[in-house]
1. Condition first: surrounded by fewer than 19 Cβ atoms within 10 Å (Cβ to Cβ) and within 16 Å of the chain's Cα centre (by Cα). Now tell me which residues in segment 297-320 satisfy that.
2. Let me confirm something: among L176, L216, L162, which residue is more than 14 Å from the ligand (Cβ to nearest atom) and buried (at least 18 other Cβ atoms within 10 Å of the Cβ)?
3. May I ask you to list pairs of residues, at least six apart or on different chains, whose Cβ atoms are under 7 Å apart, with the first in segment 51-79 being without any contact (Cβ under 8 Å) to a residue 60 or more places away in the chain and within 12 Å of the ligand (Cβ to nearest atom) and the second being in a strand (DSSP E or B) and among the hydroxyl-bearing types (S, T, Y)?
4. Restrict the check to segment 1-18 and report whether at least one residue is at pLDDT 95 or above, hydrophobic (A, V, I, L, M, F, W, C) and more than 23 Å from T302 (Cα to Cα).
5. Have a look at L153, L229, L171 and point out the one that is away from the ligand (no atom under 16 Å from the Cβ), in contact with a Gly (Cβ under 8 Å, 6 or more places away or on another chain) and at pLDDT 95 or above.
6. State which residue pairs qualify: first residue under 19 Å from L162 (Cβ atoms) and in contact (Cβ under 8 Å) with a residue 40 or more places away in the chain and inside segment 192-216, second residue aliphatic (A, V, I, L, M) and in a loop (DSSP other than H, G, I, E, B) in any location, beta carbons under 6 Å apart, and separation of 6 or more residues or different chains.
7. Are any residues in segment 131-144 within 17 Å of the chain's Cα centre (by Cα) and either polar (S, T, N, Q) or buried (at least 20 other Cβ atoms within 10 Å of the Cβ) (or both), and if so, which ones?
8. Any residue in segment 45-55 that is on the phi < 0 side of the Ramachandran plot and either at pLDDT 85 or above or in contact with an Asp or Glu (Cβ under 7 Å, 6 or more places away or on another chain) (or both)?
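The values are calculated or read from the model by the stated rules, or taken from the named source; none is laboratory data. Computed from a predicted structure; not experimentally measured. Cβ coordinates were reconstructed from backbone atoms using ideal geometry, including for glycine residues, and neighbour counts include every protein chain displayed.
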Amino acid sequence: MDEQVVRRLALLIMNNHLIYLNHWSSDDFDKFYLKVIEKKSNFLLKKNDNPKGFKGQLAYLFFEPSTRTRMSFERAAYLSGVSSILLSGVAGTSLEKGESIEDTILNIQAMQPQALVIRCSDEVDLINLANQSEVPIICAGWGKKAHPTQALLDLVTIKEALGEIKNKNILFIGDLASSRVVSSHFELLPRMGVNIGCLGPKEFSVARPPAFKINLFEDKNQALGWADLVIALRVQKERHSGRQNELNLNEYINQYQVMVNDYLKHQERGLKIMHPGPINWGVELSTQLQPYVHSFILNQVTNGVFTRSVILDQFGGWQS
Ligand code: CP
């Protein structure tokens, strides 16, 4: 069966999970956005700094490495007043004894946490697991397929910075083929009326062209001139094995790195630069750009905590 059809069928029975974003409407996101900003304001005013007692427990299952997503989900659980249990990596787990990831997930699920937050590779059939699961599965990064919470925290950051997001031009620069962040944004951004542009090495362009129009650029100056906001993507060397075309880092830097002068040309009209992290400074973004853009990128990370806390409230079945 066609993959799109399989995804749509899966969605019909997946309202309790967060894996794909292609059913979110603009109204859904606006309501979500207000909750995130309310949570952030309450925190900054210290109204919600020390929730007492646990309302439930989550299980975090991270089969791929993570810093931001894992730690911000832990902070988010604290803000939502829930505790968490964690499995991180293979060492010290029964995966070392040959237990499969699927069996591991089913066993943790049998311990009856209120939700499972999972980061895994493309090889894991997350849809099948979600369809069998009695508790919500929240995707914390699935191979190259999906990273819904990153897309949502990015959109919160974009809306906070730009106000109205409809008709804004958002440009993705870099290793599009390896990016699960792009996969989730391609589900969400067109539904918000955002225009999408892409720039990157041809052999690393998006794996499957989407059904909607994207503006494909070949020239960095032209692309940056078009954009209201740039999301630079990490060069994911670890996902390049088995590819016919090696990515030449020097050529990449020459053509696609966002440099200080690129930024200064557009700073006055308010061009914003984001990056989901981790950043290879000196590759996707020049090291000299750091003082100009890093605080905005770190605000993405801050927003990740409040975004994920609202997600936990919605999908975990407790109220903050
Ligand atoms: N952006 C992101 O997913 O970062 P981590 O891999 O560190 O979680």
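1. L298, N299, V301, T302
2. On the way: L216 fails: buried (at least 18 other Cβ atoms within 10 Å of the Cβ); L162 fails: buried (at least 18 other Cβ atoms within 10 Å of the Cβ).
Sole residue among the options that is more than 14 Å from the ligand (Cβ to nearest atom) and buried (at least 18 other Cβ atoms within 10 Å of the Cβ): L176.
3. E74/S84
4. Filtering segment 1-18 down to residues at pLDDT 95 or above leaves none.
No; the residues of segment 1-18 include none that is at pLDDT 95 or above, hydrophobic (A, V, I, L, M, F, W, C) and more than 23 Å from T302 (Cα to Cα).
5. Details: L153 fails: away from the ligand (no atom under 16 Å from the Cβ); L229 fails: in contact with a Gly (Cβ under 8 Å, 6 or more places away or on another chain).
Just one listed residue meets the conditions, L171.
6. If the second residue must be aliphatic (A, V, I, L, M) and in a loop (DSSP other than H, G, I, E, B), the pairs left are M192/I165.
7. Step one: list which residues in segment 131-144 are within 17 Å of the chain's Cα centre (by Cα), which gives 137-144.
Once the filter is applied, which keeps residues that are within 17 Å of the chain's Cα centre (by Cα) and either polar (S, T, N, Q) or buried (at least 20 other Cβ atoms within 10 Å of the Cβ) (or both), segment 131-144 yields I137, I138, C139, A140, G141, W142.
8. From segment 45-55, those on the phi < 0 side of the Ramachandran plot are 45, 47-52, 54-55; that's our starting set.
Going one step further and asking which of them are either at pLDDT 85 or above or in contact with an Asp or Glu (Cβ under 7 Å, 6 or more places away or on another chain) (or both), we end up with 45, 55.
Yes, some residue in segment 45-55 is on the phi < 0 side of the Ramachandran plot and either at pLDDT 85 or above or in contact with an Asp or Glu (Cβ under 7 Å, 6 or more places away or on another chain) (or both).
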